[in-house]
Structures are given as C-alpha cells and as structure tokens.
Amino acid sequence: MTDKTDKPTAPAGPVTHVAPSPHVGDRSMTTRRMMTDVLIALALPTIAAAIVFRQHLLWQLLGCVGAAAVTEALFAAARRKPWSITDGSAVVTGVILALSLPWSCPWYVTGIAAVVAVVLGKMIFGGLGQNIFNPAMVGRAFVMIGFVGAMGAKAYVTSDPAIDVLTQATPMTVWGSEEFPRLGALFWGNTNGSLGETSAIACLIGGLFLCIRRTAAWQIPAGVLLSASVIASVVDLSSGETMDVLKHLFGGALLFGAFFIATDPVTSPLTPKGKFIFGLGIGSLVMLLRLLSNYPEGVMFAVLLMNGLVPLINRWTIPTPVGGPVPVRKT
Amino acid sequence: MTVAAEGTAKLPAFQRGVHPPQGKVFSADMPIKSLPAPPQVFMAMLQHTGAPCEPTVKSKDEVALGDVVGDCDAFVSAPVHASISGTAAMASVATLPNGRHVRTVPIKANGEQRTGEAMIDDVLGGEWSTRGIDAIDPDQIVTATRDAGLVGLGGAAFPTHVKLTRNEKTPIDTLLVNGCECEPYLTADYRLMLEYPAPVLAGALLAAKAVGARDVLIAVEDNKPMAIDTLRRAVRGGEVRIVEMKTKYPMGGEKQTILSALGRRVPTGGLPLDIGVVVVNVGTAAALARAVLRGKPLTHRVVTVTGPGIHQPKNLLVPIGTPYRALIDFCDGLTESAGRIIAGGPMMGFTLANLDVPVTKGTSGVVVLTGREVRQAGETQCVRCGRCADVCPLNLVATKIALAARSKDWLLAKRYHMAACMECGCCAYACPAKIPLVQLIRMGKVQMPRE
C-alpha cells in the first residue's frame, strides 16, 4: 500500500454504531436455521425411503432438488434479485416434493413438478414468505392432473420383483381388502407408497424433532391428528371394524403431511389458535377425501385447500390484547 | 391452580415473553461506589414524563448541592436540583439519548464537594427508622416527594408525587415495589436491595402510607436470591411481603409485574391505579425515604456501567447531570471491541452517539456491547412463523402490525391493536428473519394520523 497517507486516519478508539432498541437478538434462530432443521428432520423419512426404494429414491431426490435449485437460481437472476438459494427454501421444497412422488415418476414429470413448485408455487408471488400455497404441493398437484398415468395408483406398482414391496398396491388403494398391509409394516415403513410417506415411525420422530425445536408449531400436527382420529373413530364405531383409526393414521401420507407439509410456516396461520384450527381443517378434509372421493389419498388437496383459507383464519383469530381491546377515543 | 405455602410460593408468570442472556455477571458483585463529583454537570430541564422546567437560576449564580435549579407549576412535572455545589452557567440545549432536545443548566464545580463514602452514607447509608411512619400525614409525603423532584427511577421517569396523590374515585389497595430488574446486564437495583434494603423498605411503607394501601409487596426476580434473602431478613415478619418472580423479560414492565404478582390485568390504555395498584421502582422507594425522612432532594442515583465493552464494570452512585463520558472514564474506558453504547438496558435502552450528554433521573445504566452481542441487521422476508406472536407479553401479532405500519395501512394496524403495544422489543428479539418489528411499530404509532 503506497497511498496510505491519502486515506483518512482511522478514528482513535473503538467505532460504535447507533440503532434503535432492542440491541440484542436471539441468535439461535434464523430463517436459514429453520430450513436446516427441516432438512435434518427430513433425513429420517429419506433414510426410510432409501431402505425401501433404494436407487429410485436417489433419482427422484436428485431430480427434484436439482431442478428446484436451478429454477430458483434462474428466476433470481431474471428478477435481478440476490441469490436466494442460500436461504435453503428451494432445497426444502425439492426434498418434500421428491418424498411425495411415486418411485416410478418419469424424469420429465419430476422436473416439471419441481419447476412448477418453485415458479408457480413460490416465485410468482414474490419469493419466500409471499406465497399462499405450499410450493411442493402446487408442483405435485400440477403433475397429478397433467400426468395422470405417471402419478396414479398404477405408477406405484410393478411386476418386476427386484424390490419386493413394489409388487404390492399402495395401502390406501386397497383399503378394506385382504391386501391391506399389517399395522407393523405401516409403522416401520415396509410398504408401497409415495417415497417419504411409508414409514410412520420415521415421520413421527422427525416431526417431534421439529416440534421440540419449535421450527414447526405443534398445534398443526396436533390438530391434524386429532380431527383425523375423531373422524376415523366415528367411522370405526359405525362400521364395527377395529383398528381403523391406526390404519388411517399410519397409512398413506397423513403423518408425513401433518409434520412436514402442513407445518410450512409461510402457508399456515400466525397464531397458535389459528394453527390448531388449520390443523383440524386438514385432518377433516383428508378423512373426507379418503372416505368419500375417488382419490385414495387426500393430503395434498387438503393442504392446498386449507392454505387458501389461511388469510381468513388469520382474520378470525386476531388475539385480544392482554388488558382488553384498545379503547375507542371519545370525540 | 394450587397455591404453595407463603414464602416458597413461585407465582405463575405472565404468559409468553423471552429469555435473553442475562449478562448480569459483569457487575453483579461490584459494590456501589461513589463517582467523584465531575468538574461540570448539566442539569436537564426535562428529565421526566410531563411538562419541562424553567431554569430558576441565572448564569454565575452560586448554587449548593440540593438547591432547586429548575421548576414548573404544572402538576405532572418535577423540579430539578443541583447535584454538586458550584456556579451556574448560561443555559444551553442538549440532545438526550432518547432524542429529545432539552434545555440544560450547566453547573461548574467549585469549593468543597462531598464525595466517596460520605456521599453514599448521606444518600443510602445510616439508620432508616420505620417507626414514625404511621404518624406522618399522607399529604406531607406527597409534598415532600414533589419538592424533592422525585420521578420513577426505573426508566420511564413519571413524576412520583402524581402517583402518590390520593384520588377518591380510585382507591388504592396495593403498593407494589418493583425490584425485578428484568433488563439484561443492569444490576443497579440488585445492588441497592442487597446493600441498602433499609431505605427501600422505609420508602415502600411511606408510599403505602401516602396512597392508603394495605398490602405492600416487593417483587424480585428469582435470579437474585441474595437480594430476596436480604430483604426477607430486613422485613422480619413486618407488613411488607417479598414475592419471588420468575426470571423472564419483561417481568419488570409494570403491567407484567402486576399480572404476575397479583393476577390483575391493567386495562389497555389504562394505568395501574385503575385497578387499585401503585407501582414504584426500588430506587424510587429509596429516594422517597430520603426525601421524606431526611428532607433531601433527588440529586444522585445508582447507575450500572457494564457490558463486555467496558474495562471495569461498576455500580456507581452518580450525581445526576454527570456526562456519560465521566462514568465510562471512571470504569477505565471502553475496550477496543466496544460496538454499541446504550443508555439503559439492551432491550429498551437508547444508543448513545455523544458521550457528553448528561445522566438523567431515569438513567439506570450504561451498557456497552461488542459486535458479538449486538442484534444483527440483514433483514429477510417474513416467513410468517408466528414467533413474534408466541413471545408477545401483550398477545399481539407483531408481524402484521409492523408490516402494516411499514406500508402505512392504518386500518390493518388498528385491527391488530397497534396502539396496545408497549414496545418491549420481545418480537424483534425473537424474529428469525431479523425484521425490526418493534422499531416499525414504534414508527407506526407516531405516524398514524389521529382521527
């Protein structure tokens, strides 16, 4: 450095800054930390899926995460916005989408789902924090309607017995028949289904981790599980069959949806009360779709529908301040 | 809910709130020392909430310690007294840490100054007999409080005589002395309770006598067990109850103290006296005892100078009006890593940009933080996680109010009860996206047009 003398001399002593209070912040929690928590929690269902579906899981995961990340990067460049990939939300969307797809999903369907998830699900609303609907579910719904064959019940089953489980139908399509797997298989995950949903125990442990870390609000899964159990019990009692409640809880995507999809903070209500109502709504809609619609499973539509109701729920659940509402000034 | 035996009862705390790192270790074990009288003090004419004072001395007037230098006829106001002996100079204007431009009367020290142990003994030490208190006329207490220029020493600096004046419409049944000191780092109230419990108790009884309260409580957070012990021993079965509060920010906010200690809710927009309670800070109680029992005005207060950015953290008895620079210099100055100087605590205090402004009656501490502790900037989008709502002691949804205030959507801000916010800062502390929530709400409250 030769121009040292030209620079203004550094002020003597320390440099202090001026800012309004509070001057300290909770460093343990940042948006990126929340995303990391979700990825850690998703590791369990991912491992469970890897055990059951082996290389199929890997391809879907790489496809979804890769396509989501590239889309996010391109979109950020097109909007001349900062490199938003570092907040981790595209990766989370990619992983959740991958875990909600059938193992056989063709590469182009996977790719379209991921691109739609990021673009239509998130970016066109203005990026992270602005979207109304869960991005992964938007992507999945798009290909579910656009590529019925690649996403329907037949896509899950193959006659090639390289992986034993893949010769069975998914539990929810054979509801009530002899083929329905035993509870133990549902619990540990030794069944067919969308990649991440098969193991109940993996979803439970990962989900509890999220709730304990308070990255996910416990009120949402609690609401989902409560309303689903109540409806399943009522059906149980009226039909005279037993154990239907546990089958409903452990089968299909209910646990995965309750802990990982519905708990997306952006697309769920703000207050604890609102979150619980939101959860109750999802649980009820899932049961409604399972019992009455032609779809074997209803988590995706239930989440999307309740996402749409979030602004309304927020408005219903504005809390009253401690000490009562602000008094109206007399004029 | 079950109630545990008296004395061991831990009261149910107010809901929500946050637990910032306490940082009290820096100065908790430092006994209160007297700051030597500085060569010059600056007596601000507005150190309280209410009407500003007019200087009552001219340039070159000789003033003695305790002489009135500023006064005002308004009810909600408090006179200002010289905190050193010396010569008054021409009034000038200073910008206090809270941003207010106020007139100040400088006093240049001359002659003999009382300092050191003698000063501490005069303000806090010696005998504080509570025996004659029952015979004192309530009006006399109020008058002495007004004449001593007493204001709330907890921070808001509301004139104390206004609180103590009896009002037929709202009888007071409880006097609550607030020793929670929930702001991190500050230990001024803690040292006062630990070292000089007698004036605190005497002040509590005097205040109770003035307002006619039958129930007298001193509330202390459970992170100060030694102070609780000391007070309990000092009370010795008397009529003052020492209640142990859960350590949680903002337990020392009077609405939260009352809710946690008494289970009563101060109505939004109302005052504690609406529900029969008067709250005074422990420092105010001690100053009240001095004003009534010794006839001495408020000229000194205990200030904590602390934080990782200070070489020698201390608790100091400081003449009001001393420039902050004198306090920091007496504590061996700032460390190289000092990054922010705060008048008050880190949750609600104001940043100091100029160290030559004077300490006022409401100054409870100077906290110097380094870059490591300071809240990071770098705001990202709200992910609507609702953490701000999970921590708000008043049960507000900060993100909605703050973003409404930012876009000046006053209808939305109102629907979410913006005016109820007391600006404690829990929301901004907890926000994972580092959105300056309480800062935006503060702006909104000022900017919202009044109908």
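The values are calculated or read from the model by the stated rules, or taken from the named source; none is laboratory data. All values derive from a computational prediction rather than experimental measurement. Positions of Cβ are backbone-derived with ideal geometry, glycine not excepted, and every protein chain shown enters the neighbour counts. When the accessible area is computed, the model is the full protein with side chains, heavy atoms only, and any ligands, DNA or RNA have been set aside. Shrake-Rupley method; radii C 1.70, N 1.55, O 1.52, S 1.80 Å.
Data table
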item: Test: residue in the stretch A:255-270 that is over 12 Å from the mean Cα position of the chain (by Cα) and in a helix (DSSP H, G or I); result: no
item: Any hit, the stretch B:377-387, residues being open to solvent by less than 10 Å² (accessible area, probe 1.4 Å), out of contact with any Phe, Trp or Tyr (no Cβ under 7 Å at 6 or more places or on another chain) and either within 26 Å of A:ASP264 (Cβ to Cβ) or in contact (Cβ under 8 Å) with a residue 12 or more places away in the chain (or both); result: yes
item: Criterion: modelled with pLDDT under 90 and small (Gly, Ala, Ser) - qualifying residue of B:GLY270, B:GLY321, B:GLY307, B:GLY283; result: B:GLY270
item: Count - residues of the stretch A:24-34 that are under 16 Å from B:HIS19 (Cβ atoms) and either within 7 Å of chain B (Cβ to nearest Cβ) or open to solvent by less than 40 Å² (accessible area, probe 1.4 Å) (or both); result: 4
item: Top-ranked residue in the stretch A:277-298 [being over 19 Å from A:SER233 (Cβ atoms) and surrounded by 15 or more Cβ atoms within 10 Å (Cβ to Cβ); ranked as nearest to the other protein chains (Cβ to nearest Cβ)]; result: A:PHE278
item: Test: B:GLU168 is without any contact (Cβ under 8 Å) to a residue 60 or more places away in the chain and assigned to a loop (DSSP other than H, G, I, E, B); result: yes
item: Residue that is most open to solvent (accessible area, probe 1.4 Å), among those in the stretch B:236-277 that are among the basic types (Lys, Arg) and more than 18 Å from the chain's Cα centre (by Cα); result: B:ARG236
item: Residue satisfying condition, being buried (at least 19 other Cβ atoms within 10 Å of the Cβ), more than 10 Å from chain A (Cβ to nearest Cβ) and not hydroxyl-bearing (Ser, Thr, Tyr), within set B:VAL368, B:VAL282; result: B:VAL282
item: Condition check for B:LEU316: under 14 Å from B:THR363 (Cβ atoms), in contact (Cβ under 8 Å) with a residue 12 or more places away in the chain and of a type outside the set (Val, Ile, Thr); result: yes
item: Pairs where the first residue, in the stretch B:242-265, is under 24 Å from B:LEU194 (Cβ atoms) and the second is hydroxyl-bearing (Ser, Thr, Tyr), C-beta under 7 Å, 6+ apart; result: B:MET245/B:SER260; B:MET251/B:THR257; B:MET251/B:SER260
item: Subset of the stretch B:51-73 [buried (at least 18 other Cβ atoms within 10 Å of the Cβ), in contact with a Cys (Cβ under 9 Å, 6 or more places away or on another chain) and in a loop (DSSP other than H, G, I, E, B)]; result: B:CYS53, B:CYS72
item: Residues of the stretch A:182-215 that turn out to be away from chain B (no Cβ under 14 Å), open to solvent by 20 Å² or more (accessible area, probe 1.4 Å) and not aromatic (Phe, Trp, Tyr), as a count; result: 11
item: Residue in the stretch A:35-58 that is surrounded by fewer than 23 Cβ atoms within 10 Å (Cβ to Cβ), within 14 Å of chain B (Cβ to nearest Cβ) and among the polar types (S, T, N, Q) present; result: yes
item: Single residue of the stretch A:147-180 satisfying the filter (free of Cβ contacts under 8 Å to residues at least 24 places away in the same chain and within 26 Å of the chain's Cα centre (by Cα)) that is most open to solvent (accessible area, probe 1.4 Å); result: A:LYS154
item: Of residues in the stretch B:419-451 being part of a helix (DSSP H, G or I) and out of contact with any helix residue (DSSP H, G or I) (no Cβ under 9 Å at 6 or more places or on another chain), the one farthest from the other protein chains (Cβ to nearest Cβ); result: B:VAL446
item: Residues of the stretch B:73-107 satisfying the condition of being in contact (Cβ under 8 Å) with a residue 60 or more places away in the chain and farther than 19 Å from B:ASN354 by Cβ; result: B:PHE75, B:VAL76, B:SER77, B:ALA78, B:PRO79, B:VAL80, B:HIS81, B:ALA82, B:SER83, B:ILE84, B:ILE107
item: Residues located in the stretch B:324-334, provided they are open to solvent by 20 Å² or more (accessible area, probe 1.4 Å) and either in a strand (DSSP E or B) or within 14 Å of chain A (Cβ to nearest Cβ) (or both); result: B:ARG325, B:ASP329, B:ASP332, B:LEU334
item: Residue among B:VAL302, B:VAL318 that alone is more than 11 Å from every other protein chain (Cβ to nearest Cβ) and open to solvent by less than 10 Å² (accessible area, probe 1.4 Å); result: B:VAL318
item: Flag if B:ARG384 is assigned to a loop (DSSP other than H, G, I, E, B), at the interface with chain A (Cβ under 7 Å from one of its Cβ atoms) and more than 30 Å from B:THR335 (Cα to Cα); result: yes
item: Answer residue from the stretch B:335-354, given it is more than 26 Å from B:GLY252 (Cα to Cα) and part of a loop (DSSP other than H, G, I, E, B) and is farthest from the other protein chains (Cβ to nearest Cβ) among those; result: B:ASN354
item: The listed residue being of a type in the set (Asp, Glu) and either under 30 Å from B:VAL397 (Cα atoms) or modelled with pLDDT of 90 or more (or both), out of A:ASP244, A:ASP236, A:ASP264; result: A:ASP264
item: Pairs where the first residue, in the stretch A:85-96, is of a type outside the set (Ser, Thr, Tyr) and the second is part of a loop (DSSP other than H, G, I, E, B), C-beta under 8 Å, 6+ apart; result: A:ASP87/A:LEU128; A:ASP87/B:THR380; A:ILE96/A:GLY196
item: From the options B:ARG146, B:ARG131, residue that is at pLDDT below 85, open to solvent by 40 Å² or more (accessible area, probe 1.4 Å) and more than 30 Å from A:ALA19 (Cα to Cα); result: B:ARG131
item: Residue within the stretch A:272-293 that is modelled with pLDDT under 90, touching an Asp or Glu at 6+ places or on another chain (Cβ under 9 Å) and in a loop (DSSP other than H, G, I, E, B) present; result: no
item: Scope the stretch A:162-186; condition part of a loop (DSSP other than H, G, I, E, B) and farther than 19 Å from A:ALA49 by Cα; matching residues; result: A:TRP175, A:GLY176, A:SER177, A:GLU178, A:GLU179, A:PHE180
item: Hey, B:TYR190 among the aromatic types (Phe, Trp, Tyr), buried (at least 24 other Cβ atoms within 10 Å of the Cβ) and in a loop (DSSP other than H, G, I, E, B) or not; result: no
item: Some residue of the stretch B:215-226 being more than 14 Å from chain A (Cβ to nearest Cβ), closer than 22 Å to B:ALA144 by Cβ and touching a residue at least 24 places away in the same chain (Cβ under 8 Å); result: yes
